[in-house]
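The values are calculated or read from the model by the stated rules, or taken from the named source; none is laboratory data. Values in this document were obtained by computation on a predicted structure and should not be read as measured data. Don't worry about glycine lacking a Cβ; one is built from the backbone with ideal geometry, like all the others, and counts go over all protein chains shown.
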Amino acid sequence: MIEFEDIRRAAKRIAPHVRRTPLVEAVALEQSPTQANLFLKLECLQVTGSFKARGATSKLLATPKSELEAGVVTASGGNHGLAVARAARMAGVPATIFVPRTTSPAKITRLRNSGARVEVVGAVWNETNPVALDFAAEYGAAYFHPFADPAVMAGQGTMAIEIIEQNPDLDAVLIAIGGGGLIGGMSVALKALKPSIRIIGIEPVGCP
């Protein structure tokens, strides 16, 4: 479990290394029966192209340098892997990214172009992750979990601080659930900064 102070510390750690992304009004999406004013947090403009850079950078900077000497490793379908590869470059250590066979060829190419060693293992992430854990144990590499890690969650939660600073009048925030790291971190920050705010978890159809 993380606390708001963990997220504040993460925000200070990662500030020099990630972008403060814009919160823009989605005028084209406001023609709905709700007549709500909608805003989008454009993490697609984040370094590596997703919010995952926040968590991976936070984890890197919270990890003692002695634990990074053998490199870093993770299991990822792509976005977290790209973020971990970038973090490894920051530290000057090798990155090994295990990906499931469902990972798109384009993501694999981007990972390899980022300097990471990529290993394709398993049909789904739940089959890939144990192999990454075994690799970490055998070679002493630092394992970066995509979501179930306090430093990663704190890094993802920094997005909520920016959102409230950019628009303190928001009534509700819709957050993708996925593995839970993003919504877990953001919920802590949102409720600390604005207890009345409504938090709604969302998932694509077919991804329970």
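Of note:
- All positions within segment 75-119 that are touching a residue at least 24 places away in the same chain (Cβ under 8 Å), over 21 Å from Gly178 (Cβ atoms), of a type in the set (Ser, Thr, Tyr) and not in a strand (DSSP E or B): Ser114
- Subset of segment 39-55 [under 10 Å from the mean Cα position of the chain (by Cα) and in a loop (DSSP other than H, G, I, E, B)]: Ser50, Phe51
Table: residues versus (1) without any contact (Cβ under 8 Å) to a residue 24 or more places away in the chain; (2) more than 17 Å from the chain's Cα centre (by Cα); (3) not assigned by TED's automatic domain parsing to the domain that holds Ala95.
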| site | (1), (2), (3) |
| --- | --- |
| Ala11 | no, no, yes |
| Arg19 | no, no, yes |
| Ala36 | yes, yes, yes |
| Thr57 | no, no, no |
| Ser66 | yes, yes, no |
| Ala70 | no, yes, no |
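- Residues satisfying the stated conditions in segment 120-149, i.e. under 11 Å from Ser76 (Cβ atoms) and not in a loop (DSSP other than H, G, I, E, B): Trp125, Thr128, Asn129, Ala132
- If the condition is being at pLDDT 95 or above and among the β-branched types (Val, Ile, Thr), then segment 4-61 contributes Ile7, Ile14, Val18, Thr21, Val24, Val47, Thr48, Thr57.
- Test for Ala28: is it assigned to a helix (DSSP H, G or I), under 18 Å from the mean Cα position of the chain (by Cα) and not hydroxyl-bearing (Ser, Thr, Tyr): no
- If the condition is being in a loop (DSSP other than H, G, I, E, B) and among the hydrophobic types (A, V, I, L, M, F, W, C), then segment 150-191 contributes Leu170, Ile177.
- Screening Ala137, Ala141, Ala132 for residues that are surrounded by 15 or more Cβ atoms within 10 Å (Cβ to Cβ), small (Gly, Ala, Ser), out of contact with any helix residue (DSSP H, G or I) (no Cβ under 7 Å at 6 or more places or on another chain) and under 25 Å from Arg101 (Cβ atoms) leaves exactly one candidate, Ala132.
- Candidates Gly115, Gly81, filtered to the one that is modelled with pLDDT under 95, outside the structural domain of Gly180 (by TED's automatic domain parsing) and small (Gly, Ala, Ser): Gly115
- Given (1) out of contact with any Gly (no Cβ under 6 Å at 6 or more places or on another chain); (2) in contact (Cβ under 8 Å) with a residue 40 or more places away in the chain, index of the condition Glu165 fails: (2)
- Restricted to segment 88-119, and to residues there that are among the charged types (D, E, K, R) and touching a strand residue (DSSP E or B) at 6+ places or on another chain (Cβ under 9 Å), the residue that is nearest to Gly78 (Cα to Cα) is Lys107.
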